[in-house]
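First the structure, in the form of structure tokens, and then the observations on it.
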């Protein structure tokens with residue numbers, strides 16, 4: 001059986017299991033690349049890619065333990081664990097779980113990873129309720145029951161908060177719109193040659209169902225997007241990444257077994273184009 005079908009089978013099994021006193025609803029959408037395996041690799045310094053072909057998950061290692069950003073779909077904990085171990089690290093050493101956004105395709109594995117590692121779950125305050133009810137209060141996809149195992153946050157994050165583990169410090173940047181608590185992370189990593197300023201961005205795409213200027217479940221949607229688009233175009237960094245690998249062209253920049261080349265992710269033009277495309281969509285929505 002191919003890796004894709006094995007992972008898809010796990011995905012189907014996990015989403016059919018009951019959570020605490022409730023049953024998970026079927027996911028609203030699914031793409032094969034979300035569970036298709038992708039060889040883990042060292043990105044830059046102590047930053048590693050441990051996600052699937054499109055659902056990006058990042059491991060930041062330190063002597064005091066590790067930080068994991070994003071966990072993919074329900075069932076993706078199996079893939080992440082294998083990737084972490086293939087890189088020579090221990091899953092049990094993950095101490096902090098973070099995410100760019102509380103959609104099912106990025107926090108679906110939070111509950112399993114927390115059980116597996118005992119890590120502290122930290123999330124932007126405005127996404128905490130969505131994480132705690134398994135996505136049932138999501139402003140677009142909610143109202144039909146949980147889509148993933150609910151998880152209560154150990155720490156609520158806010159704009160410009162710092163997440164620290166050992167000497168590693170991540171700055172939280174609240175970028176609402178795609179979800180109310182969507183955020184990006186800005187931090188430094190160092191290799192044998194230099195220090196890299198890293199941005200793991202939540203690209204502010206606008207879902208088709210999102211209405212401007214707002215809707216009963218998200219009255220300030222347009223206002224939040226305006227803030228986020230303005231804030232993100234001003235950010236300074238050396239290398240950037242996103243919650244979806246396709247958003248930063250991972251397959252074009254990184255070749256499996258191609259060695260260590262952090263410089264390929266120094267792509268300001270690509271970042272500006274991604275934000276510019278979102279801004280163009282924002283203007284179209286604003287005009288209607």
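Coordinate-derived values only; no laboratory data. Computed from a prediction, not measured in an experiment: that's the story for all the values here. Because the Cβ atoms are built from the backbone with ideal geometry, glycine has one as well, and the counts that use them run over all protein chains shown.
List of remarks:
- Residues of the stretch 99-125 falling in the label zone of residue 62, defined by backbone nitrogen less than 16 Å from a point 7 Å along Cα to beta-carbon, are 99, 119-123.
- Gyration tensor verdict on the chain (Cα atoms; rounded if a/c is under 1.5, prolate if a/b is larger than b/c, oblate otherwise): rounded
- By the helix-only formula, in which each DSSP H run with n ≥ 4 contributes -39500 (n - 2.57) and the sum is divided by residues, the chain has a 222 nm mean residue ellipticity of -8000 deg cm²/dmol.
- For the chain, the relative contact order is 14 percent, taking Cα pairs closer than 8 Å that sit 6 or more residues apart in sequence and dividing their mean separation by the residue count.
- Most fluctuating residue given options 210, 99, 179, as computed from a GNM of the chain linking Cα atoms under 10 Å: 210
- Taking other Cβ atoms within 10 Å as a rough exposure proxy, 265, 110, 148 sort from fewest to most as 265, 110, 148.
- DSSP assigns beta bridges within the stretch 3-287; of those with both partners inside it, close to 65 percent run antiparallel.
- When the chain is treated as a Gaussian network with alpha carbon springs shorter than 10 Å, the biggest mean-square fluctuation among 56, 44, 231 belongs to 231.
- Residues 261, 106, sorted so that the one with the fewest Cβ neighbours within 10 Å comes first: 261, 106
- Measuring between their Cα centroids, the stretch 41-68 and the stretch 215-288 lie 19 Å from each other.
- Gaussian network model of the chain, Cα within-10 Å springs - most flexible of 190, 234, 64: 234
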